[in-house]
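J.: Could you have a look at this structure, given as C-alpha cells, before my questions?
Nothing in this text is a laboratory measurement; each read-out follows from the coordinates by a stated rule. Here the structure is a predicted model, which is why all the values come from computation and not from measurement. All Cβ positions, even for glycine, are placed from backbone atoms using ideal geometry, and neighbour counts span all protein chains on display.
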C-alpha cells in the first residue's frame, strides 16, 4: 500500500521563517512515514498542478533563508466556487490529503473553504503583520520588527542631527503591531495606528512639550493602515513649525534571514503540523498561545479577534514624555 501524501504550500505575502516552517513540516511528515509534495506558487500553482515531491535533502540549509523556496502568489480565480472545486479535484487526482497551508488570514480562509469541500487542512499563520488573533505571534513578525528597528535607529541619527521630525511608515495592513513593537523598542515619540483615534493636534502638542525639554527631534511611527506618510507631512509642519520628513520602509520588512525567535516559532509550528496530521487532528491551525503550541480548529481560529497590546501602548506614551 502506498504511503499517504501530504501537500504543503505557502500563500499570500512572503514572511521570514516560512522556509523554517517548510523544513520542519517536511521532515516531520517524513518522520511519521508520509510522502510530501510541495506546491509551487501557492494556490495558483495548485490550480496549475505545479507539484514537486520533497525529501529531507531538499530542505537542508533553508532554516535561515528569507522568502519561501516554494514561492508564493495571489490567485483571483482560486477563491471562486469554480476555483475551489478545481483545486479539490486536483488534490483528489494526485491523492494529496491533507494539505498544509502557510499564510495569513486570507490564505487560511481559502484553506477553510477547501475544508468545507472535504479537503483536510492543517494551517500555520505566516505573515509579518501579526494580525492573526488566535496566535500570540505569527511567523515573520519578529523579523519584520527587528528589520524596522535597525532602519529606525539609522533614521534617528539623521533626525537628531537636523532637529527634525521623521514619520516612519511601516507595514501591517490594518494591524498596528509592527509600528507599536518597533516604536516601543526605538523610543518613538509618537504613533499613528489603526487601533487608536489619532488626534494630530494632540500628538503635535506632545511633540512640542518634548521640544520644550530640549528634545529637538522626533520619530513618529505610522502604520500603513492609516495611510501614507505623505498625507501627514504638511499638517505636522503646520502644527509644529518643525521640518518634517518621511520614510516608507516598504518591502525590506518582508525579506532577510529570520531571527532566532522566528526560526524557533516556525520550526515548532512546522513539526506540530506534522504531528497534528499523524494524530488525525485535522482542519486545524497551529498557534502559539501563552508560550505553548496547540492545534486549534481552523474556523475558530479565524473567528478569534486580535487583542491589542494596550499595556505596551500606554507605557510607550508615558516613556515618550
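J.: In percent, what relative contact order does the chain have, based on Cα pairs under 8 Å that are 6 or more apart in sequence?
T.: The normalised contact order for the chain reaches 24 percent.
J.: Tell me, in nm to one decimal, what length is gained between residue 290 and residue 3 on full extension, where the rule is 0.36 nm per residue of separation less the Cα-Cα distance?
T.: Working: separation 287, 0.36 × 287 = 103.32 nm, distance 3.56 nm.
So the chain would gain 99.8 nm between residue 290 and residue 3.
J.: Report the extension gain between residue 257 and residue 319 in nm, rounded to one decimal, defined as 0.36 nm multiplied by the number of residues separating them, less their alpha carbon distance.
T.: Taking 0.36 nm per residue and subtracting the Cα distance, the gain is 19.2 nm.
J.: Okay, helix-only estimate at 222 nm for the chain: each DSSP H run of n ≥ 4 adds -39500 (n - 2.57), divide by all residues, round to 500 deg cm²/dmol; what do you get?
T.: -13000 deg cm²/dmol
J.: Moving on. Would you compute, for the Cα atoms of region 144-254, the largest minus smallest coordinate along each principal axis and list the three values in descending order, in whole Å?
T.: Over region 144-254, Cα extents along the principal axes are 36, 28, 21 Å.
J.: Taking a quarter of the surface of the convex hull around the Cα atoms of region 263-321, what do you get in nm²? Don't skip to the end; give the middle numbers.
T.: Values: hull surface 21.4 nm².
Dividing the Cα hull surface by four gives the mean projection, 5.4 nm².
J.: Continuing with the same structure: Would you give the gap between the C-alpha center of region 274-294 and the C-alpha center of region 45-62, rounded to a whole Å?
T.: 22
J.: With labels modelled as points extended 7 Å from the Cα through the Cβ direction, what inter-label distance (nm, one decimal) is found for residue 308 paired with residue 61?
T.: For the pair residue 308/residue 61, the computed spacing is 4.6 nm.
J.: Sequence gap at least 6, Cα distance under 8 Å: using those rules, report the relative contact order of region 144-254 to the nearest whole percent.
T.: Reported relative contact order: 41 percent.
J.: Something else: Based on the alpha carbon coordinates of the chain, what radius of gyration and maximum Cα-Cα distance (Dmax) apply, in Å?
T.: Reported Rg and Dmax, both Å: 21.7, 77.
J.: What residue among 301, 144, 266 shows peak mean-square fluctuation when the chain is described by a Gaussian network model with Cα springs under 10 Å?
T.: 301
J.: Please report 247, 80 as a ranked list, fewest other C-beta atoms within 10 angstrom at the top and most at the bottom.
T.: With the fewest neighbours first, 247, 80 line up as 80, 247.
J.: If I model a spin label as a point 7 Å beyond the Cα along the Cα-Cβ vector, how far apart are those points for residue 82 and residue 174 in nm?
T.: It is 2.9 nm.
J.: Here's a follow-up. Along the Cα→Cβ direction, 7 angstrom out, place labels at residue 32 and residue 248. What is the inter-label distance in nm?
T.: Between residue 32 and residue 248, the label points sit 4.3 nm apart.
J.: Another question about this same structure. Going 7 Å from the Cα of residue 299 along its beta-carbon direction, which residues of region 82-123 have the amide nitrogen within less than 15 Å of the resulting point?
T.: Within reach of a label on residue 299: 109-121.
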